[in-house]
Amino acid sequence: MRRWARLWVLVGIAGGALALAGCGVERVAAQARPTRLETVLEQMDAGSAKFQSAQADLRKEVFTKVVSDTEEQKGAVYFLRVKGGATQMGMKMTTQPQQVVEYKDGKLRIYNPGLNHVDEVSTTGANKSRAETFLTLGFGGSGSDLKKAWTIADGGTESINDGQKTVATEKLDLTSKDPEVLKTVSHVTIWVDPVRDVSLKQLLVFPSGDSQTAFYTNIRLNETVDLGPFAIKCKGKCD
């Protein structure tokens, strides 16, 4: 597994025309109705155009197949659209193993407070594109971009409680069109509120059979983000 992918895993969607013709009669075409998936992707496009930021409480279930064990982790996360349309992300896990994760200016940094150690990797070119493909899954990413990067199967509507109310989400199963990504992640499932363009749940399945499920609750959309709690603060000098 490539180094950028190893670190990233931690951070962790045919119409036709009908015509009637006759002798001396003008041909009339009726436009096909869009499919459910097309409608969802269009809603995500509209939501993406309005997206500025999202903040949420985060709970992760990390399943390790070889020992058939599931570990629960809790924390908080934010996504922020910055100058040039790029996305900045921060995540702070408050349960063990504690971590602070930052993706900013094309760099991914992961701080382990227990070891006072920072892992850092620069993502450029194709790796930057791959990283941001995962970063914006249902958090400000457009439906058009989702369709370009993933083969999408629509699993229909599913209701999920976001910590405040029950939300009708669309369950989308995604398989990457990039062979390099498939070496790291077999497929991803997201439960997305397409109108707000935010995910309430995400499942990543790895070739090993391991998986990681993230649940996002108490989502605050387009509010000012306090970056202080997500700052990487080493004890003295980072190892």
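Every read-out reported here was derived from the displayed coordinates using simple, explicitly stated rules and does not represent laboratory data. Everything numeric in this text was worked out from a predicted model, so none of it was measured. Cβ atoms come from the backbone with ideal geometry, glycine included; neighbour counts cover every protein chain shown.
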Checklist entry - What Kirkwood radius, in Å to one decimal, follows from the Cα pairs of the chain? => result 19.2 Å
Checklist entry - For G163, which sequence-distant residues (separation of 5 or more, or a different chain) have an amide H within less than 5 Å of its own amide H, given hydrogens modelled in the peptide plane? => result N218
Checklist entry - Farthest toward the dipole's positive end in the chain, which of L137, P34, Y78, given Cβ charges of +1 (Lys, Arg) and -1 (Asp, Glu) about the Cα centre? => result Y78
Checklist outcome for this item: Beyond 15 Å, the calculated P(r) of region 43-104 holds a percent of Cα-Cα pairs equal to 61 percent
Checklist outcome for this item: Percent antiparallel among DSSP beta bridges confined to the chain, rounded to 5, stands at 100 percent
Checklist entry - Under 5 Å between amide H atoms, partner at least 5 residues away or on a different chain: which partners does T95 have, H built in plane at 1.01 Å? => result K74
Checklist entry - Under 5 Å between amide H atoms, partner at least 5 residues away or on a different chain: which partners does V198 have, H built in plane at 1.01 Å? => result D193
Checklist entry - HN-Hα J couplings of region 41-46 from phi, Karplus 6.51/-1.76/1.60, θ = phi - 60°, integer Hz, Gly and Pro as x? => result 5, 5, 5, 5, 4, 5
Checklist outcome for this item: Among N218, L172, S159, the residue whose Cα sits farthest towards the positive end of the charge dipole of region 128-239, when +1 is placed on the Cβ of each Lys and Arg and -1 on the Cβ of each Asp and Glu, is N218
Checklist outcome for this item: Those trypsin sites (Lys or Arg not before Pro) from region 144-239 that are DSSP loop and have at most 12 other Cβ neighbours within 10 Å turn out to be K165, K233, K235, K237
Checklist entry - How long are the three semi-axes of the equivalent ellipsoid for region 110-239, computed from the Cα gyration tensor as the root of 5 times each eigenvalue, in whole Å, largest first? => result 27, 21, 14
Item to check | Per-residue [θ]222 nm for the chain (sum of -39500 (n - 2.57) over DSSP H runs n ≥ 4, rounded to 500) | outcome: -5500 deg cm²/dmol
Checklist entry - Based on Cβ point charges of +1 for Lys and Arg and -1 for Asp and Glu, what charge dipole magnitude is obtained for the chain about its Cα centre, in debye rounded to the nearest 20? => result 560 debye
Next on the checklist: Placing unit charges on C-beta atoms (Lys and Arg positive, Asp and Glu negative, everything else neutral), compute the dipole magnitude of region 64-143 about its Cα centre in debye, rounded to 20.
Outcome noted: 320 debye
Checklist outcome for this item: Nearest-0.05 FRET efficiency for E71 and N112 at R0 = 25 Å, using Cβ-Cβ distance, is 0.95
